[in-house]
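Reviewing the structure listed below.
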Amino acid sequence: MIADDPRARGEPEPPASAARRLVRAALKGSLATLDRQTGHPYASLVLVATEPDGAPLFLISRLAWHTRNLEADARASLLLDGTGGLAEPLTGGRLTLIGEVRPTASATARGRFLARHPGAEGYAGFADFSMYAMAVARAHWVGGFGRIVDLAPADLATDVAGAADLIAAETGILAHMNADHADAVALYATALAQKPPGSWRMSGIDPDGIDLLHCTTNDAARIDFDTRVRTPDAARAALISLARRARGVGQGGTQA
């Protein structure tokens, strides 16, 4: 949570928190499936989004090798790389998720994926493309040399119990924030996520926080709420609190 973010004090972020942040901020990953003919690992680049509970989502074509592999054996792993921009990549964070990837009929999957990847609108309606979700069985976090931790699914998941109204209101909240409060969204990115200025928009909201997307540079950010929210009213209060905090940082204050 931002109010108790160790990074603001110059301390390492706890592994579970850093891993959750990477899952939410990632736009792409390396999906490894089992080759249906030889059984060898087959790794491919995929775009990634998340469900409200944090489950990874993919919009993939059944013509692709990885999809054909999944039809034969749903076991897979997903590597998310958080080392971009580092002079020494092995000092940065990366996360391997291990589980099964299957088609999903979730009511939120397609909308959340397209909010994260607007360019996918051009092919999302093709007959061979479908939404898939990953059920994570375990995870392996490497935060740099000597910072290696195995994580359980519960360490990564967002508790969505009691948050049905918030999830149902997500599309409206995003539209309102991006149309009427674009200045606040941009300030979230620059002041709280330490991102460069530009055209930022909210691409997701869940009980634990918000996802941001730069409209032209394919950059993304994750910002956690101070406390978990479960209703649209609570989300509104949390967004106002973030804006106040961001303005304080912009005026020379700190996040802590």
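Where a number appears in this text, it was derived from the coordinates with a stated rule and is not lab data. The structure presented is a predicted model; accordingly, all values stated were derived computationally and were not measured. Note that each Cβ is placed from the backbone with ideal geometry, even for glycine, and that neighbours are counted across all protein chains shown.
Which longest run of the chain has no exposed loop site in it, a site being chymotrypsin sites (Phe, Trp or Tyr not before Pro) in a DSSP loop with at most 12 other beta carbons within 10 Å, and the site itself not part of the run?
The longest uninterrupted stretch comes out as 1-125.
For Ile205, which sequence-distant residues (separation of 5 or more, or a different chain) have an amide H within less than 5 Å of its own amide H, given hydrogens modelled in the peptide plane?
Asp211
Can you sort Met131, Met202 from fewest to most other Cβ atoms within 10 Å of each residue's own Cβ?
Ranking Met131, Met202 by Cβ neighbours within 10 Å, fewest first, gives Met131, Met202.
What whole-number distance in Å separates the alpha-carbon centres of the range 184-256 and the range 103-126?
23 Å
What is the order of Thr216, Thr96, Thr67, fewest Cβ neighbours within 10 Å to most?
Final ranking by Cβ density, sparse to dense: Thr216, Thr96, Thr67.
Counting C-alpha atoms alone, how compact is the range 33-184: give Rg to one decimal and Dmax as a whole number, in angstrom.
In Å, with Rg to one decimal and Dmax whole: 17.2, 54.
Rounding to the nearest 20 debye, state how big the charge dipole of the range 23-172 is about its Cα centre with +1 on each Lys and Arg Cβ and -1 on each Asp and Glu Cβ.
I would put it at about 280 debye.
In the neighborhood of Met134, defined by Cβ-to-Cβ distances under 13 Å, what is the net charge if each Lys or Arg adds +1 and each Asp or Glu adds -1?
Taking every Cβ under 13 Å from that of Met134, the sum is 0.
Could you tell me which residue out of Gly248, Gln194, Ile167 lies farthest along the dipole of the range 159-256 toward its positive end? Charges go on the beta carbon: Lys and Arg +1, Asp and Glu -1, centred on the Cα centre.
Projecting each Cα onto the dipole axis, the largest value belongs to Gly248.
With charges only on Cβ, +1 for K and R and -1 for D and E, what is the dipole size of the chain about its Cα centre, in debye, rounded to 20?
With only Lys, Arg, Asp and Glu charged at Cβ, the dipole is about 260 debye.
Once amide H atoms are built 1.01 Å from N in the peptide plane, which residues 5 or more positions from Ile60, or in another chain, come under 5 Å H to H?
Ser130, Tyr132
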